[in-house]
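A quick write-up on the structure given underneath.
The values are calculated or read from the model by the stated rules, or taken from the named source; none is laboratory data. A quick note: this is a predicted structure, and the numbers were derived from the prediction, not measured. Cβ atoms come from the backbone with ideal geometry, glycine included; neighbour counts cover every protein chain shown.
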Amino acid sequence: MERNQAVAIVVAAILIGSIALVVLWNPAPQPDVRIGYLSKDLHQLALRVAIENGYFEREGIVVNLVEYANGAYEMDGFLAGEIDMGYLGAAPALVKRINQDILVTVLAAVNMEGSAIMASKSEYDAGHVTTITDLVGKEVLHPGPATVQNFLLRLALNQSGLSIANITTAQTLPALMADSLSANTPAFVVWEPFNALAQYEGKAVPLALSGEIWPRHPCCVVATDNIFMINHPDIVQKVINIHAEAETWIVNNPDKAIQIAVDWLEMDLTPVTTAFNNIIFDYNLNRTGIEMYLDFLIAEGQLITEKIPTDTTAFLDGFLNTTFADSLLLCC
C-alpha cells in the first residue's frame, strides 16, 4: 500500500514537472497590442464583432483586452501604461488629455448617440419627474465626471435653463443604476444597453434620448497612446482597418450583429435590439462635434484653466489624426 502511494507521488511529480516544462518552453504569446474597452458598452460592439469574426487572428495580431468601468478610468490605464489603444468616450479622452497631459491621439469614431437620461418609472407615472426641470433639487446618477454622459446631462440641463448646480450627482456603476432609483434619486444617465434594459424591466423610462439632446453627437472613439503610434504605425493601421471593417459589417448585418451583442451582453433580444437601434455606428470622425465638446467643457469649467490650449484649432490638429482611417483598404 505504502509502495503504491510512493509510486503515485512520483508519477504526480513527474506530470507536474512535465507541465511546468511545457509552460516554460511554450509561453503564452506576448500581445502585439493591448486594447482597452468599457464594460458591457454596446457602443463598442465593433470590437466584439472583430473578435467574434476573427479579424485580428486573420491579420496575425495577438490582442490583449483590458476592461474598464468608464472612459476616465481607461484614460488612467493609458497613463499607467496598461494599454496601447482603446475604445472610450471622446469627452474623457479630451478632459484627461488636457487636465492630466495623458498623451493620446484619437484616430477614428466608434458611434454617435446611444445614451439617455432615464427617470424612475414609478416617479414618472406619478407625475413627479416627467421633464428635465423636475430634476431640480434631486440626485442624478452618472458613470463618472469626465464622461460623455456627464457632458450630455450638463447640456440637457442648460437647454432647460438650468445648470449642474441645480441638481446633485452621484457616480455609480451602470449595472447598479436602475436598482438605485428612489424618490430622492429619480434619474440616471448612462450608455446603452443599460437604458433599454431598465425600460424592458419596467424600472425606468426615457426622459431624454441623447439624440434628442444633441442629434448625431459624437460619442465613443478609438484612441492610441502617442508613443505606441510612433513606434508601431503598422499595428495601429491594422487595428483601424479592422475597426472600420467591423463597423461596416455591423451596418450591413444588423441582425447578426444584434445576435453577437445578445451573446456578449447576456441579455434578452428585446432590450438589446432597442439599444442597438438607438446607436449610430460610424467610424468617421466628426471634428465639429469634438470642437463642440471642447468648447462646452471650457464653458462648464471642466478643464484646468492654465491647461486650456491657447490655440484650440492647433490642439485639435494634434489630438485628432484621421490619416489612418483615410488610408483604409477594406477587404469587403
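Looking at (1) under 27 Å from Asn241 (Cα atoms); (2) out of contact with any strand residue (DSSP E or B) (no Cβ under 6 Å at 6 or more places or on another chain), which one does Ala299 not meet, given that it meets all the others?
(1)
Taking the stated definitions as given, is Asn99 in contact (Cβ under 8 Å) with a residue 12 or more places away in the chain, within 27 Å of Asn158 (Cβ to Cβ) and buried (at least 24 other Cβ atoms within 10 Å of the Cβ)?
no
Which one of these does Gln302 not meet: (1) outside any loop (DSSP other than H, G, I, E, B); (2) in contact (Cβ under 8 Å) with a residue 40 or more places away in the chain; (3) of a type outside the set (Asp, Glu)?
Tallying (1) outside any loop (DSSP other than H, G, I, E, B); (2) in contact (Cβ under 8 Å) with a residue 40 or more places away in the chain; (3) of a type outside the set (Asp, Glu), Gln302 fails exactly one: (1).
Within the range 277-295, track down each residue that is among the β-branched types (Val, Ile, Thr) and surrounded by fewer than 22 Cβ atoms within 10 Å (Cβ to Cβ).
The answer is Ile280, Thr288, Ile290.
Those residues that are without any contact (Cβ under 8 Å) to a residue 40 or more places away in the chain, under 13 Å from Ser115 (Cα atoms) and among the β-branched types (Val, Ile, Thr), I need them from the range 178-235; list them, please.
none
For the range 185-209, which residues satisfy the criterion of being more than 20 Å from the chain's Cα centre (by Cα) and either modelled with pLDDT under 95 or among the acidic types (Asp, Glu) (or both)?
Glu201
Identify, please: which residue in the range 124-180 is loosely packed, with under 14 Cβ neighbours inside 10 Å and assigned to a helix (DSSP H, G or I) and is, among those, nearest to the chain's Cα centre (by Cα)?
Ala175
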